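Worksheet: one structure, shown below.
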Amino acid sequence: MTLYRNLTTAALAAVAALSWGVTAKVCIDPGHGGSDPGAVGNGQQEKTNVLNTSLKFKAWLDKDTQDGNGGGSWSIVMTRSTDVDVSLQGRCDIANNNACNRFMSIHNNAASDTSANGTETYSYTAPSTSSDLRDKIQTRMIEAWNRTNRGVKTAGFYVLKYTNMPATLSELAFITNAADSVYTGGSSWQDLAGKAHMFALQNHYGLTAYTPQTAQTYIVDNGGAGFSASSNWFASTSVAGYYGTNYHARATASVSDPAQWTANIATSGSYQIYAWWTAASNRAPSAPYILPNGTTVNVNQQANGGKWNLLGTVSLSAGNQTTKLSCWTTSGYYVIADAIKYYGPN
Ligand SMILES: [Zn+2]
């Protein structure tokens, strides 16, 4: 009866509308950059590793934001997103001037003793809001990479001390250690580190760890939000197999007078559109659905009732998108308006 998003969990009925558990502005700080390579080892430069990791972290948060079914809504500020010099005070200024809620600095560790290895995470003080996030990052990073757990620590690092908001600094692993460097420089490991930092942030804000889904499902049921039809359409439960609590029906006629299902699409892309009706011998054998791109798809509503039937795949832009069912077809039948499902982008 309502416009649902992301029907990927069992708790369909609880998802009444777009809702995120939390909204926050996060500053992501890839260490070093430009003329400062940071640590080097095993053919890698820290500035490159941590930029790639930070961009993957940002991508996870953006995906979480686009997915309204769980997780958070994050606005992201990067201290750098390319290979450039940014001073330590410059990094603090970016976070402070943007009034970010959290500051998360990403680094690789290094030591002259190449046997040194493992993961550690810092805050300026503890216990504090900073150390709460720090602790959760450490937990999630150990879970993601399973490197030696060097524990959580405090330090007066410049960016921890001179940022106005709770701040953390992650030393993901040692670029100078051969085994650790597989992780620091590995693209899929960097992606998992980004995801681990997203999980930590979600947990820090009291949310269950949530992996955002790329493709989303929008169902618009008759009578609920997003559905409209003239009073010539009537609600009925006469034929079983309807979606939700009932369906709408209308006698066919030489006018369009369409029933309409509108979904607010969050992300542009390719979507499958499905229709649900109840089948009976008095249904239109050629019921004309009009897709958002204007294409008309005629379906036989005397068959395939009580299930999703693919009408077609169309390219949709973000925003309201409407599928219609006209009653203008062979006279002497009924057209049935029950539910429409949009699935994508994919
Ligand atoms: Zn560093």
task: Scan region 33-72 for residues that are in a helix (DSSP H, G or I), within 15 Å of the ligand (Cβ to nearest atom) and buried (at least 21 other Cβ atoms within 10 Å of the Cβ) and report the count.
output: 7
Residues satisfying the stated conditions in region 142-153, i.e. farther than 19 Å from LEU51 by Cα and assigned to a helix (DSSP H, G or I): ILE142, GLU143
field: Check on THR139, assigned to a loop (DSSP other than H, G, I, E, B), at pLDDT 95 or above, away from the ligand (no atom under 16 Å from the Cβ) and not small (Gly, Ala, Ser)
entry: no
message: Take ALA249 and tell me if it is out of contact with any Phe, Trp or Tyr (no Cβ under 6 Å at 6 or more places or on another chain), modelled with pLDDT of 95 or more, not in a loop (DSSP other than H, G, I, E, B) and not assigned by TED's automatic domain parsing to the domain that holds SER130.
response: no
field: Subset of region 100-114 [more than 9 Å from the ligand (Cβ to nearest atom) and in contact with a strand residue (DSSP E or B) (Cβ under 6 Å, 6 or more places away or on another chain)]
entry: CYS100, ASN101, ARG102, PHE103, MET104
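Per-residue answers, yes or no, for (1) surrounded by fewer than 22 Cβ atoms within 10 Å (Cβ to Cβ); (2) part of a loop (DSSP other than H, G, I, E, B):
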| position | (1), (2) |
| --- | --- |
| MET165 | yes, yes |
| SER170 | no, no |
| THR184 | no, no |
| ASN203 | yes, no |
message: Can you confirm whether GLY186 is more than 15 Å from the ligand (Cβ to nearest atom) and under 26 Å from the mean Cα position of the chain (by Cα)?
response: yes
- prompt: PRO30 passes all but one of (1) at pLDDT below 95; (2) within 14 Å of the ligand (Cβ to nearest atom); which number fails?
  reply: (1)
- prompt: Among ILE290, ILE273, ILE265, which is the only one that is assigned by TED's automatic domain parsing to the domain that holds ASN320, under 24 Å from LEU310 (Cβ atoms) and either within 19 Å of the chain's Cα centre (by Cα) or modelled with pLDDT under 95 (or both)?
  reply: ILE265
message: Here is a check on your reading of the model: is SER131 at pLDDT 95 or above, on the phi < 0 side of the Ramachandran plot and surrounded by fewer than 22 Cβ atoms within 10 Å (Cβ to Cβ)?
response: yes
query: Any idea which of (1) part of a loop (DSSP other than H, G, I, E, B); (2) within 16 Å of the ligand (Cβ to nearest atom); (3) buried (at least 20 other Cβ atoms within 10 Å of the Cβ); (4) not basic (Lys, Arg) is the one GLY156 doesn't satisfy?
result: (3)
- request: Check region 73-92 and report whether any residue there is in a strand (DSSP E or B), within 30 Å of the chain's Cα centre (by Cα), more than 16 Å from the ligand (Cβ to nearest atom) and surrounded by 23 or more Cβ atoms within 10 Å (Cβ to Cβ).
  value: yes
field: Close pairs (8 angstrom Cβ cut-off, 6 or more residues apart or separate chains): in contact (Cβ under 8 Å) with a residue 40 or more places away in the chain in region 109-134, in a loop (DSSP other than H, G, I, E, B) and loosely packed, with under 15 Cβ neighbours inside 10 Å anywhere
entry: TYR122/ALA155; TYR124/ALA155; TYR124/GLY156
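The values are calculated or read from the model by the stated rules, or taken from the named source; none is laboratory data. The structure displayed is predicted, hence computed values, not measured ones. Cβ atoms come from the backbone with ideal geometry, glycine included; neighbour counts cover every protein chain shown.
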